[in-house]
Amino acid sequence: MPIFMDRHYLEGTSAAEVAQAHRMDIDIQDQYGVKFLTYWFDERRGTAFCLVDAPDMAAVQCVHREAHGFVANEIVEVALSAVEAFLGRINDPDPAPGQSPQMDPGHRAILFTDIVGSTEMTARLGDRMGTELVRAHDAIVRRCLSKNSGREVKHTGDGIMAAFAATTAAVECAMAIQQEFQHYNGGNNAQPLHIRIGIDCGEPVEDSNDLFGSTVQLAARLCAAAASDQILVSENIFREYGATDVFAHATRRRLKGFSKPMLVFQCDWTNASRQLS
């Protein structure tokens, strides 16, 4: 059967009430031939997201309507592999002994890296050397992801897309990546590597039919718009990060796929590096 993720607007609802609604869905799910796999609840934003194995969207809504009346505001079909890559699980988490499971809001920061001039570099150096440089990029980025609780979603050929549960971790990982490449280029490497990075954050089901659709699109566009050795972030990242002194040079830019100019911030990672040291 298809897999669906739905979105509920539940402002003013507690985590305990959402957990009870999830149990009520499970109690009657067999009557409709569906299986509720897990859910995420963002109490601060008042949104909940259910992951459901069901014959169709109507069956999902029927269970919600009969069980507790909290029908979904939006439903999209998703791939389990994508859900696991972005959100880290596809089933209810097992709580630690004597503890309640920590509620995951489902909000994620999405980060893209891209090797600057990779096509020209491969044409100039040859496929073998080009592949070795991509591997060097991958090793550095994956090491930084591991240190900053990042999850690799996919490899893009000359970059990596990653997801983070915390916006601060995404920004700090991006700065660490650029610092690592600065060290790499300062060594005895005959061919320096320069990358660009873009970051946005959002919820799994938004105003599109794709998982993290507009968030992924904006992060990718920010990465494409960034200059060599630059990190560009969205207004969402700027507002959530908390330390505004890390960001500078706010500008409005027209980005492909977005009808209005987007407010874009440059992450001053070189200044942050000096402050940390």
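The values are calculated or read from the model by the stated rules, or taken from the named source; none is laboratory data. Note that this is a predicted model, so its numbers are computed, not measured. Cβ: placed from backbone, ideal geometry, glycine included. Neighbour counts: every protein chain shown. Heads up: the accessible areas ignore ligands, DNA and RNA and are worked out on the full protein's heavy atoms, side chains in. Shrake-Rupley method; radii C 1.70, N 1.55, O 1.52, S 1.80 Å.
Some points to look at:
- Neighbours by Cβ (under 7 Å, 6+ apart or cross-chain): first from the range 145-163, on the phi > 0 side of the Ramachandran plot; second assigned to a helix (DSSP H, G or I): SER149/ALA169
- Counted residues, the range 2-17 - those being on the phi > 0 side of the Ramachandran plot and either touching a residue at least 40 places away in the same chain (Cβ under 8 Å) or in the same structural domain as VAL205 (by the TED database) (or both): 0
- Pairs, first part of a helix (DSSP H, G or I) in the range 18-33, second of a type in the set (Gly, Ala, Ser), C-beta under 8 Å, six or more apart: VAL18/ALA48; ALA21/ALA67; MET24/ALA67; ASP25/ALA67; ASP27/ALA67; ILE28/ALA67; TYR32/ALA54; TYR32/ALA59
- Among the residues here, ARG89 does not qualify as among the basic types (Lys, Arg) and touching a residue at least 60 places away in the same chain (Cβ under 8 Å).
- GLU240 touching a residue at least 40 places away in the same chain (Cβ under 8 Å) and either of a type outside the set (D, E, K, R) or under 30 Å from ARG7 (Cα atoms) (or both): yes
- For VAL233: the one exception among (1) touching a Cys at 6+ places or on another chain (Cβ under 8 Å); (2) assigned to a helix (DSSP H, G or I): (2)
- Residue match in the range 175-187 (condition: under 21 Å from VAL216 (Cβ atoms), surrounded by fewer than 20 Cβ atoms within 10 Å (Cβ to Cβ) and touching a strand residue (DSSP E or B) at 6+ places or on another chain (Cβ under 8 Å)): no
- Residue within the range 208-231 that is of a type in the set (Lys, Arg), at pLDDT 95 or above and open to solvent by 70 Å² or more (accessible area, probe 1.4 Å) present: yes
- Among (1) part of a strand (DSSP E or B); (2) among the charged types (D, E, K, R); (3) without any contact (Cβ under 8 Å) to a residue 60 or more places away in the chain, the one test that ARG196 misses: (3)
Yes or no, residue by residue, for (1) within 26 Å of the chain's Cα centre (by Cα); (2) aliphatic (A, V, I, L, M):
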{"site": "MET24", "(1), (2)": "no, yes"}
{"site": "TYR32", "(1), (2)": "no, no"}
{"site": "ALA67", "(1), (2)": "no, yes"}
{"site": "VAL76", "(1), (2)": "yes, yes"}
{"site": "ASP94", "(1), (2)": "yes, no"}
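Quick grid of which residues meet (1) open to solvent by 10 Å² or more (accessible area, probe 1.4 Å); (2) in a helix (DSSP H, G or I); (3) in contact with a Gly (Cβ under 7 Å, 6 or more places away or on another chain):
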| position | (1), (2), (3) |
| --- | --- |
| ASP92 | yes, no, no |
| ASP114 | yes, no, yes |
| GLU120 | yes, yes, no |
| ARG128 | yes, yes, no |
| ARG135 | yes, yes, no |
| ASP138 | yes, yes, no |
| SER146 | yes, yes, no |
| ASP158 | yes, no, no |
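- Breaking point among (1) surrounded by fewer than 22 Cβ atoms within 10 Å (Cβ to Cβ); (2) in contact (Cβ under 8 Å) with a residue 60 or more places away in the chain; (3) not hydrophobic (A, V, I, L, M, F, W, C), for ARG253: (2)
Quick grid of which residues meet (1) exposed (fewer than 14 other Cβ atoms within 10 Å of the Cβ); (2) touching a Pro at 6+ places or on another chain (Cβ under 8 Å):
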| position | (1), (2) |
| --- | --- |
| PHE41 | no, yes |
| ARG44 | yes, yes |
| VAL63 | no, no |
| PHE70 | no, no |
